[in-house]
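Worksheet: the structure to be examined is printed underneath.
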Amino acid sequence: MRLGFHCSVGKGLENTVKEALRLRCETVQIFSRSPRSWARREFDIEEVKKFRAAIAYHNISPLVVHMLYLPNLASCDENLRAKSIAVLIDELKRCKILGARYLVVHPGRYASGDFETGIAGIINGITLSLKKVKNEVMILLENLAGGKTDIGKNFQELRRIIDCVKDNSRIGVCLDTCHLYAGGYDISGEGFNAVINKFDSEIGLSNLRLFHLNDSAEVLGSGRDRHAHIGTGYIGLEGFASIVNHKIAKKIPGILETPRSEHVADLDMDIKNITKLRDLII
């Protein structure tokens with residue numbers, strides 16, 4: 001399994017490459033813009049050229065972009081939904097410029113609305129975005145943690161979105177291990193084998209393109225999205241050993257999104273987390 005981290009672009013793309021190399025990344029995930037602001041700046045094309053050349057030279061692949069947090073395609077607020085679609089369209093274009101293969105998207109939450117209206121909003125928003133932007137970038141639906149109004153918290157909901165989107169050849173799935181566990185899928189111990197078989201029967205392994213590798217600080221089925229360092233949460237080292245040694249792991253890259261702050265101890269934990277996973281591989 002090719003392993004890497006979500007790395008910041010806040011100090012420029014050149015520093016993103018340096019950070020990826022320091023963390024011994026074989027793949028990397030970034031935001032193309034601030035994740036908590038609708039505003040965004042245009043790319044410096046020369047900076048992008050150097051970035052693309054650097055990650056190609058160091059064989060950091062695939063490059064993954066995670067969409068910012070503000071959009072919600074499932075919202076019953078028409079203005080928010082329209083802004084969300086506009087951002088998705090823009091992000092697909094920005095991914096192409098950066099050379100990213102995948103765009104990870106949270107399906108959405110229906111909040112004060114209802115499930116059927118919410119999932120229809122997701123399907124329509126993705127369909128329109130893919131119609132507007134004809135490139136090879138693939139949208140990856142990330143399974144959510146199982147909050148009360150989350151859509152995409154189980155395999156059936158993800159399957160329904162994929163089936164209903166036109167041109168679904170450009171739709172795949174990113175499985176977040178913390179979200180799986182929080183959503184009631186027991187991947188601790190050897191449980192991953194049964195869960196991935198269930199995924200195969202309900203969605204199909206051909207649709208799985210990426211893992212987010214995070215332990216869970218909350219109990220099974222909590223519905224709470226609280227990431228933990230590898231081996232320190234309820235999934236545990238045995239659970240991650242089952243994941244990284246499964247035959248699918250040879251084909252699917254894994255991005256770590258383990259807890260991080262500016263403290264030196266947390267930065268050191270990045271190396272410890274990725275080393276733990278690599279040491280588990282037989």
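Data overview
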| read-out | value |
| --- | --- |
| For Leu140, distant residues with modelled amide H under 5 Å away | Leu103, Val104, Val105, Gly172 |
| Region 3-280 - charge dipole about Cα centre, Lys and Arg +1 at Cβ, Asp and Glu -1, debye rounded to 20 | 860 |
| Within region 3-280, percent of DSSP bridges classed antiparallel, to nearest 5 | 15 |
| Cα lying deepest toward the dipole's positive end in the chain, options Tyr102, Tyr185, Asn197, charges on Cβ | Tyr102 |
| Local net charge near Met1, Cβ-Cβ under 12 Å (Lys/Arg +1, Asp/Glu -1) | +4 |
| Rounded to whole Hz, the Karplus (6.51, -1.76, 1.60) HN-Hα couplings of region 140-154, x for glycine and proline | 10, 6, 8, 5, 8, 7, x, x, 3, 10, 5, 10, x, 8, 9 |
| Only Lys, Arg (+1) and Asp, Glu (-1) charged, at Cβ; region 135-196 dipole about Cα centre in debye | 220 |
| For Asp150, Asp200, order by how many other beta-carbon atoms lie within 10 Å, fewest first | Asp200, Asp150 |
| Helix-only CD estimate at 222 nm, as mean residue ellipticity for the chain, using -39500 (n - 2.57) per DSSP H run (n ≥ 4) | -13000 deg cm²/dmol |
| Taking Cys7, Cys76 and counting other C-beta atoms within 10 Å, the order from fewest to most | Cys76, Cys7 |
| Charge dipole of the chain about the Cα centre (unit charges at C-beta), most positive-ward option of Gly121, Ile85, Asn214 | Ile85 |
| Within region 143-282: Cβ-based charge dipole about Cα centre, in debye rounded to nearest 20 (Lys, Arg +1; Asp, Glu -1) | 460 |
| The chain, relative contact order [Cα under 8 Å, separation at least 6], % | 16 |
| Rounded, prolate or oblate (a/c below 1.5 giving rounded, otherwise prolate when a/b exceeds b/c) for region 126-282 by Cα gyration tensor | prolate |
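Quick note: the coordinates plus some simple rules give every number you see, no bench work behind them. Everything quoted here is computed from the prediction, not taken from an experiment. FYI the Cβ positions are ideal-geometry reconstructions off the backbone, even for glycines, and counts take in every protein chain you see.
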